[in-house]
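This report refers to the structure that appears directly beneath it.
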Ligand code: TEU
Ligand code: CA
């Protein structure tokens, strides 16, 4: 019987490059994470998910792996990894590694061999296709990072497929030797003490080998839910996850509540949880040519509908991965809230509705102190996705102006999450003695772990209370979910029920006072948690007010 520790856990994501530098080179590293284990243990989290620290040329900040078995020297040594795993376990926490099984770096030895010829042992480790008769790419698929998903290799006189940068060739999962090679890597890290996996774009590993064009050129509808996806994921499960009892959360961008049970129903033995993108697109104009850079005002009615759908559809059939932030997502309070006048209230309001649901909550580094988006100049950003998309949408297609693109980057760009962790108000925020690899958000002088810890309204202290509730109160793990006020634009309210009690979880996601519309009329209740530290709740709630009540 597999353990289900992750159902009672809160998981903290670390982007190692930006977390803590220990050797004065301006880059976060493994020893730096070790130094911060007491902080993480004190916060109360149960497991640490590390973004990739394997050998990588860093085209995509480590999601382009050139050797799955080696720790990149920029993060430290193999012994540093052993020590981090041992220390983390000694403190009662688990280690989850990020695994990129859909593609490797083009610097991987496998690809260096594969690109040489059509008849070597690695020729079919990747996805090679002949040019069209006119010499053009095999079809019109687009890369997530802009341009075509195909790059020509003269040595083979063929194109190879890359859903991301041209330096990230997609692996050929049809090839059983590729699958076996991936399983060997995962077994190796299991032997090193790793407890679980975050599986990067795992829903992309199966491709349609007819390679049909997409309805619109240079788009990426083809990237997920291929014909053999469930077969391959089940195969991975049987060879590694179930066999070695390892927790898994798969990144499943195109998943929705209706099809998610096919990925996370435990009887199917595929994945334990998935990260969907569905709820994170409520501020994106649907179907716009400019994709994630075409913004709209966040639609909270849609947010509530989607998240409630996942709660209801997975209840008793699977488990939710609950998140608003990660290394690809901007800071939620800058994106959907007011990160200045109501920064504390916003941060705690979004945290309350997320951690009150059924599933495993994920906290992204800095989210627990309400870190915000910086407003850098275009040249200050470094994300390969942003640079590639700027080239495609602003310079080539000319479907969005440079100014509008930069405004979108300020709101939703991935770099917003990658500014160095703000530990204190000292030089470089206590992140490094050297100039950090990526610019700090200048507000670190007043927004940092140390200052928040001593604040009367501390975001991290509120997170500690939420995490404690998740550990102590089974209703949050096992209770049923009932959405309230589905058509209200500002109030996100729901009930959790179990045999003994009912909890009401509510957040006002607006800057205006809102009427509770009789939600609490003649109800007896006990305040479990309130971000305004209320002992009683009136008929109105304040801007970004949130609370959890036990209804009697
Ligand atoms: O992300 C997949 C992915 O689709 C996102 O990068 C997406 O482009 C972004 O969320 C904006 O919509 C995974 C990793 O999380 C990401 O960091 C990598 O760049 C990508 O895969 C390639 O490995
Ligand atoms: Ca370092």
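Some observations on this one:
- Counted residues, the stretch 372-405 - those being assigned to a loop (DSSP other than H, G, I, E, B) and either assigned by TED's automatic domain parsing to the domain that holds residue 350 or surrounded by fewer than 13 Cβ atoms within 10 Å (Cβ to Cβ) (or both): 3
- Residue within the stretch 459-471 that is more than 16 Å from ligand 2 (Cβ to nearest atom), assigned to a loop (DSSP other than H, G, I, E, B) and either under 21 Å from the mean Cα position of the chain (by Cα) or not assigned by TED's automatic domain parsing to the domain that holds residue 358 (or both) present: no
- From the list 67, 119, the one residue that fits, being more than 30 Å from residue 219 (Cβ to Cβ), without any contact (Cβ under 8 Å) to a residue 24 or more places away in the chain and either surrounded by fewer than 23 Cβ atoms within 10 Å (Cβ to Cβ) or outside the structural domain of residue 196 (by TED's automatic domain parsing) (or both), is 119.
- Which numbered condition residue 287 misses (of (1) within 16 Å of ligand 1 (Cβ to nearest atom); (2) at positive phi; (3) touching a residue at least 60 places away in the same chain (Cβ under 8 Å)): (3)
- Matching option when the condition is under 22 Å from residue 228 (Cβ atoms), away from ligand 1 (no atom under 13 Å from the Cβ), touching a strand residue (DSSP E or B) at 6+ places or on another chain (Cβ under 6 Å) and assigned by TED's automatic domain parsing to the domain that holds residue 275, among 150, 197: 197
- Yes/no for residue 302 being buried (at least 19 other Cβ atoms within 10 Å of the Cβ), modelled with pLDDT of 95 or more and touching a helix residue (DSSP H, G or I) at 6+ places or on another chain (Cβ under 9 Å): no
- Test: residue 52 is farther than 21 Å from residue 251 by Cβ, in contact with a strand residue (DSSP E or B) (Cβ under 6 Å, 6 or more places away or on another chain), in a loop (DSSP other than H, G, I, E, B) and in contact (Cβ under 8 Å) with a residue 12 or more places away in the chain: no
- Selection within the stretch 459-473 - free of Cβ contacts under 8 Å to residues at least 12 places away in the same chain and closer than 23 Å to residue 338 by Cβ: 461
- The one condition in (1) on the phi > 0 side of the Ramachandran plot; (2) more than 16 Å from ligand 1 (Cβ to nearest atom); (3) crowded, with 22+ Cβ neighbours inside 10 Å that residue 62 fails to fulfil: (2)
- Conditions (1) more than 26 Å from residue 242 (Cβ to Cβ); (2) touching a helix residue (DSSP H, G or I) at 6+ places or on another chain (Cβ under 8 Å); (3) within 16 Å of ligand 1 (Cβ to nearest atom): number failed by residue 104: (1)
- First in the stretch 474-499 and on the phi > 0 side of the Ramachandran plot, second anywhere and at pLDDT 95 or above and part of a strand (DSSP E or B), Cβ under 8 Å, 6 or more apart: 485/491; 485/493
- Scanning the stretch 416-448 for residues that are surrounded by fewer than 22 Cβ atoms within 10 Å (Cβ to Cβ) and either modelled with pLDDT under 95 or part of a helix (DSSP H, G or I) (or both) yields 427, 428, 430, 442, 443, 445.
- If the condition is being within 20 Å of residue 221 (Cβ to Cβ) and touching a strand residue (DSSP E or B) at 6+ places or on another chain (Cβ under 6 Å), then the stretch 235-259 contributes 250, 251, 252, 255.
- In the stretch 338-367, the residues that are within 17 Å of the chain's Cα centre (by Cα) and not in a strand (DSSP E or B): 350, 351, 354, 355, 359, 365, 366, 367
- The condition of being under 21 Å from residue 430 (Cβ atoms), in contact with a strand residue (DSSP E or B) (Cβ under 7 Å, 6 or more places away or on another chain) and within 16 Å of ligand 2 (Cβ to nearest atom) holds for only one of 14, 71, that being 14.
- Whichever residue in the stretch 188-199 is on the phi < 0 side of the Ramachandran plot and surrounded by fewer than 20 Cβ atoms within 10 Å (Cβ to Cβ) and, among such residues, is nearest to the chain's Cα centre (by Cα): 190
- Residues located in the stretch 21-49, provided they are assigned to a loop (DSSP other than H, G, I, E, B) and within 16 Å of ligand 2 (Cβ to nearest atom): 21, 22, 23, 24, 25, 26, 27, 28, 29, 36
- For the stretch 13-51, a residue qualifies if it is under 17 Å from residue 88 (Cα atoms) and within 12 Å of ligand 1 (Cβ to nearest atom), and the qualifying residues are 13, 15, 49, 51.
The values are calculated or read from the model by the stated rules, or taken from the named source; none is laboratory data. Only a predicted model underlies this, so the values are computations on that prediction, with no experimental measurement involved. Because the Cβ atoms are built from the backbone with ideal geometry, glycine has one as well, and the counts that use them run over all protein chains shown.
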